[in-house]
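Encoded as structure tokens, the structure appears first; notes follow it.
The values are calculated or read from the model by the stated rules, or taken from the named source; none is laboratory data. Since the structure is predicted, the reported quantities are computational estimates derived from the model, not experimental observations. Glycine also receives a Cβ, built like all others from the backbone with ideal geometry; neighbour counts cover every protein chain displayed. Areas reflect the complete protein model, heavy atoms only, side chains present, ligands, DNA and RNA absent. Shrake-Rupley method; radii C 1.70, N 1.55, O 1.52, S 1.80 Å.
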Amino acid sequence: MTKKKIIYIVLGVVALVLVYFNYYGSDKEVGDIKKIVETINAVYESDDYHVEAEKEIDYLDEKESKFEKAKAIIQGILSGDNVFLDKDKNLTLDTNILGISPNGWEIKASELKFNKETKELVSTKPMYAKNEEKGVEILANKFKTTISMDNITLED
């Protein structure tokens, strides 16, 4: 046998062993696989709010949705970008939040949560509220009110 034949036989045996271990070797754990559905140019409509988004990501197991490059309008008086919808259908708005109530209040915030059941708006980040009719301007770190903005609770 020549040296060349021995090298080919050894390489063939090594290749067979590698193929065998690759095919019959232990399977690697994949772990939990999340069920996600992505929708482009999505529109989400509810009795209380309307969301238009460039991209909607639905987390099916958690029953939550995330909207990217989105615009949400809550009962026609509040709007904001970057929307998150939890399993209870409560909205969290993030960035460029602007609200104008029928009783003259204008609010600007960087984050605001809307509780669908209680119709409450809550912000734990700095926000600004203004009522030109009453000549009142407010800056607060914590903010809580109803969607009608009849009674506003401020802290800090």
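Among the candidates Val122, Val83, the residue that is over 30 Å from Ile33 (Cβ atoms), without any contact (Cβ under 8 Å) to a residue 60 or more places away in the chain and either of a type in the set (Ser, Thr, Tyr) or not in a loop (DSSP other than H, G, I, E, B) (or both) is uniquely Val122. Looking across the range 112-136 at every residue that is farther than 19 Å from Asp156 by Cα and within 17 Å of the chain's Cα centre (by Cα), the one that is least open to solvent (accessible area, probe 1.4 Å) is identified as Phe114.
Residue pairs whose Cβ atoms lie under 6 Å apart, separated by 6 or more positions or on different chains, with the first residue in the range 1-23 and open to solvent by less than 100 Å² (accessible area, probe 1.4 Å) and the second at pLDDT 85 or above, do not occur. Scanning the range 140-155 for residues that are open to solvent by 50 Å² or more (accessible area, probe 1.4 Å), modelled with pLDDT of 85 or more, farther than 30 Å from Asp32 by Cα and not charged (D, E, K, R) turns up at least one hit. Beta carbons closer than 9 Å, at least 6 apart along the sequence or on distinct chains, pair a first residue in the range 89-106 that is of a type in the set (Asp, Glu) with a second that is buried (at least 20 other Cβ atoms within 10 Å of the Cβ) for Asp94/Gly80; Asp94/Val83; Asp94/Leu112; Glu106/Gly99; Glu106/Ala129.
A quick yes/no check of all residues on (1) part of a strand (DSSP E or B); (2) more than 25 Å from Ala70 (Cα to Cα); (3) small (Gly, Ala, Ser); (4) within 19 Å of the chain's Cα centre (by Cα):
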{"site": "Leu93", "(1), (2), (3), (4)": "yes, no, no, yes"}
{"site": "Asn96", "(1), (2), (3), (4)": "yes, no, no, yes"}
{"site": "Glu106", "(1), (2), (3), (4)": "yes, no, no, no"}
{"site": "Ser110", "(1), (2), (3), (4)": "yes, no, yes, yes"}
{"site": "Ile138", "(1), (2), (3), (4)": "yes, yes, no, no"}
{"site": "Ser148", "(1), (2), (3), (4)": "no, no, yes, no"}
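Of the residues making up the range 3-49, those that are β-branched (Val, Ile, Thr), modelled with pLDDT under 85 and more than 30 Å from Leu93 (Cα to Cα) are Val19, Val30.
Taking the range 57-76, which residues are within 25 Å of Lys108 (Cα to Cα) and either out of contact with any Asp or Glu (no Cβ under 7 Å at 6 or more places or on another chain) or loosely packed, with under 14 Cβ neighbours inside 10 Å (or both)? Reasoning before the result, please.
First, the residues of the range 57-76 that are within 25 Å of Lys108 (Cα to Cα): 65-76.
Selection gives Lys66, Lys69, Ala72, Ile73, Gly76.
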